[in-house]
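FYI, it's all coordinate maths here, none of it is from the lab. These figures come from a predicted structure and were not determined experimentally. All Cβ positions, even for glycine, are placed from backbone atoms using ideal geometry, and neighbour counts span all protein chains on display.
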Amino acid sequence: MTVEVFIINLKETIVIPYGSTLQEIVEQKNIHNGLPYLGGLVNNKVRSLSYRVHKPCVIDFFDMTSSHGIEMYTRSLFFVLYKAVHDLYPSATLNVLHSISGGKYCELEHLPIALSQNVAESIQNRMMEIVEKKLPFKRIEILSEQAYHDHEKNGGINEFDIFLDRTKFFTTVYLLDDVVNYYYSHLLPSTEYLKHFQLELYETGLLLKVPSKKRPTSIGMTRKMPKLFTVYKQFKDWGKRIGVPYISDLNKRVEKKDIGDLILTTEALQEKIWANCADEILKKGSKMILISGPSSSGKTTSCKRLSVQLSVLDFHPIQISVDDFFLERKETPLDEHGNYDFESLDAIDLKLFNNTLIQLLAGEEVEIPRFNFTTGTKEWHGHKIKLQENSILVVEGIHCLNPKLTELVDDSTKYKIFVSALTSLSIDKMNPIPTTDNRLIRRIIRDYNYRSYSALDTLKRWPSVRNGEEKNIFPHQENADMMFNTSLIYELGVLKPYALPILLEVPETAPEYAEAARLLNFLSYFKPIPDELIPGTSILREFVGGSKFVY
């Protein structure tokens with residue numbers, strides 16, 4: 001018995017034996033692309049190489065140059081790291097916390113000896129041994145209740161409540177030799193695929209360095225990021241103190257109907273941080289605040305909330321957007337694909353922008369343009385501003401922390417702020433939530449509500465947005481005087497009811513369907529939270545509507 005399948009990589013239909021695995025198809029048909037294939041999109045659903053094909057379908061094999069491949073590779077490395085720690089230090093608990101410096105930051109609890117370079121090297125050596133053994137990652141379906149009780153016996157009761165929360169009979173777990181663990185998506189067939197990684201000491205833990213899509217066979221240099229690390233640590237520690245480090249803890253608060261207190265506490269924390277920031281600006285004597293951050297980090301609401309706190313201190317905040325200083329469309333630079341590169345610093349009229357700031361800081365009255373994105377031109381409507389004795393400029397834009405944007409302005413006048421949504425919540429100890437997922441879900445909802453973009457439109461644009469962030473925004477984040485985390489520990493429960501119907505509109509025939517399906521699966525872990533509990537000044541209101549601020 002045979003099955004016909006269309007292979008996108010070959011651009012042809014082939015006939016395969018019924019029940020063939022994706023790995024068998026790759027080997028039997030000699031499908032290759034320089035790098036080993038790690039999995040495939042079957043009718044645009046992510047599948048592991050062990051997936052068996054029983055009916056006609058469309059298959060697109062992916063490697064390390066795909067986000068699906070990198071994610072699968074990284075999850076599999078987590079399991080190898082987990083086993084290495086288990087083998088060497090059985091009493092230790094591994095926590096995979098977040099991305100930083102080109103890797104994944106991890107911490108070890110209950111380690112019987114002090115963490116040192118020797119410990120890091122011994123764990124890495126053990127990981128290499130596991131890779132060389134070519135051990136298979138075995139996928140097993142077990143009853144969700146059994147998974148819960150198995151992990152309860154191993155001391156994982158809190159985070160593994162998630163098994164019961166999802167209301168599914170069966171849960172997929174993975175077995176690596178004698179060790180079992182849970183991962184919320186697919187792993188590689190075996191450890192032999194994991195040829196490139198590095199483990200090193202980093203701050204108070206370990207950094208698992210992994211390849212990237214652009215450099216799939218090498219490990220990049222480690223760049224210390226003390227400010228970003230500090231913010232991550234503060235919010236992870238805060239999540240533990242309030243008893244909500246994992247999704248299951250958040251879901252319990254929803255079930256007990258005391259989520260309102262958590263919302264108020266979380267919002268109060270953000271307000272306190274903005275108040276402290278305003279105090280620091282007063283103390284420093286800054287005349288201009290520069291606010292930068294990636295897409296959907298909440299820059300606009302951050303400007304509004306900081307302005308409120310500045311007003312309390314008798315400042316008169318005047319806001320300016322860098323977006324109003326774009327070059328005319330005909331002068332806008334093009335990217336490597338021949339498209340307008342609006343995310344490039346060279347798309348800004350730097351001369352006009354710097355002259356405007358210099359004149360304003362000198363006490364002159366200056367007319368501010370308004371950029372018309374439809375016509376691609378700056379328009380002048382007589383909007384003039386002048387700084388008074390108690391005035392302070394609040395400037396928002398993705399390039400605000402790039403020194404070249406304001407290179408003609410004296411640094412002593414500037415106070416630089418970087419805002420981003422640094423999710424402190426995790427699925428469990430081995431499955432952190434990528435901060436980009438938080439921002440992507442925000443953007444999907446905002447684009448749908450305010451820009452008439454479908455989820456498909458947003459998902460198509462997202463890779464370009466991310467490339468622009470990596471190139472133009474993140475390299476400058478450590479220039480900040482202050483980093484602000486706009487992520488709210490409860491927010492994904494609020495965003496879920498908004499995101500679900502939008503994501504369900506993505507057609508299965510679109511390549512972006514795989515990402516929509518992944519996000520839908522991710523959101524299934526959360527219990528919905530009603531938005532009427534959210535204050536009108538919350539960052540979330542920028543995305544779901546109902547803000548008390550005028551944008």
Tilt, helix 435-450 to longest principal axis of the chain (alpha-carbon atoms), in degrees rounded to tens, equals 60 degrees
For segment 475-551, what is Rg from Cα atoms divided by 2.2 N^0.38 Å, rounded to two decimals? 1.37
For a test of the definition: using alpha carbon positions, the gyration tensor, and the 1.5 limit on a/c, classify segment 362-468 as rounded, prolate or oblate. oblate
Taking Cα atoms, the helix 226-241 axis meets the longest principal axis of the chain at an angle in degrees (rounded to 10) of 70 degrees
Return a whole-number percent for the relative contact order of segment 256-405, with Cα pairs under 8 Å and 6 or more residues apart as the contact set. 32 percent
Trypsin sites (Lys or Arg not before Pro) within segment 492-551, DSSP loop, no more than 10 other Cβ atoms inside 10 Å: K548
Helix 117-132 sits at what angle to the longest principal axis of the chain, using alpha carbons and giving 0 to 90 degrees rounded to 10? 50 degrees
Taking every pair of Cα atoms in the chain, average 1/r, invert it to obtain the Kirkwood radius, and report Rg/Rh to two decimals. 0.98
Within straight-line cross-link reach of K284, lysines at Cα separation under 20 Å, skipping those fewer than 8 residues along the same chain: K227, K272, K414, K416
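For the chain, give me the percentage of DSSP beta bridges that are antiparallel, rounded to the nearest 5 percent.
Percentage antiparallel, nearest 5: 70.
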Lysines with Cα under 24 Å of K138, excluding same-chain neighbours fewer than 8 positions away: K45, K55, K83, K104, K153, K168, K195, K429
The chain, relative contact order [Cα under 8 Å, separation at least 6], %: 14 percent
What is the Cα centroid distance between segment 292-319 and segment 115-142, reported in whole angstrom? 47 Å
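Loop-only check: which GluC sites (Glu not before Pro) in segment 337-387 are DSSP coil with at most 16 other Cβ within 10 angstrom?
Within segment 337-387, the qualifying GluC sites (Glu not before Pro) (loop, at most 16 other Cβ atoms within 10 Å) are E364, E365.
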Output the peptides 413-425, 396-408 sorted from most to least packed, where packing is the average of other Cβ atoms within 10 Å over each peptide's residues. 413-425, 396-408
